[in-house]
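What follows is a single structure, written as structure tokens, with notes after it.
Each reported figure results from applying straightforward, stated rules to the coordinates on display, with no laboratory input. Here the structure is a predicted model, which means the values were calculated and not measured. Glycine gets a Cβ as well: all are built from the backbone with ideal geometry, and neighbour counts include every protein chain shown.
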Amino acid sequence: MALAGAVSSPPPALAGAASADEGSWLDGLRKVGGGDLAGEGRLGFHIAFRDGPPARVTGGFGEDSCGACHWNGAEDDGPGTLELHGFPEAYEPGARYPLEITLTDPDLVVACFQLAVRHPADESQVGTLEVPDTEEERVGILVDREVEFAQHRLGGIEPTEETTTRWSVEWVAPDEAGVPVVLHLAALAADGDQSQIGDRVYTRAFEITGAPPTSLYIHRR
């Protein structure tokens, strides 16, 4: 399953294929946008990410988030919410956990997300991410340096209901018990005007340390 790229140099490949240098790819897109954020630059920026961003824009471990390319004030300061349902308080080794991501914003026209589940010490992959059969046209798995990133595809950018978009992903826990886990999630509520200005970015992070998961960010209402 391949993403339908909108630029000549696509983001790192999906699971099973060789990855690329996502940093240089992102830098290249920033240059495409142009310093004045005008005209064709804005259009190219907006379309390029519609079928998924480059890897490592979850906002975790000092990474960029969607706010690297889209903005409307400070991240997590919008009137909407980003929720994750199904992440366990403590996992059973090898168990499968359906996760539902829900993004709501009053101005949402186009929605995007990226999610990763890693070890908090060395940032390595913990468990595996899989796409349910019902979500294959809406969600893809990007692999970069042996880390998986679940993210939207072109078929998953439209609202599933008014002002709200939902995506589903499955996390298969590691076979070993007691591994610490941190899940980073970033999402974009875009207003659909073909510009990255006026779009709102939301981020969340959760961890499992053997105790119930702790939200590292509480949305300000």
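Here are a few things to note about the model shown:
- For the stretch 123-139, 3J(HN,Hα) per residue [Karplus equation, 6.51 cos²θ - 1.76 cosθ + 1.60, θ = phi - 60°, Hz, x = Gly/Pro]: 6, 7, 4, 10, x, 9, 9, 9, 9, x, 4, 6, 10, 4, 8, 10, 9
- Farthest toward the positive end of the dipole of the stretch 81-186, out of Trp167, Ala177, Tyr97, is the Cα of Ala177, where the dipole comes from beta carbon charges about the Cα centre.
- Per-pair calculated FRET efficiency, R0 = 22 Å: Arg96 and Thr134 via Cβ, rounded to 0.05: 0.90
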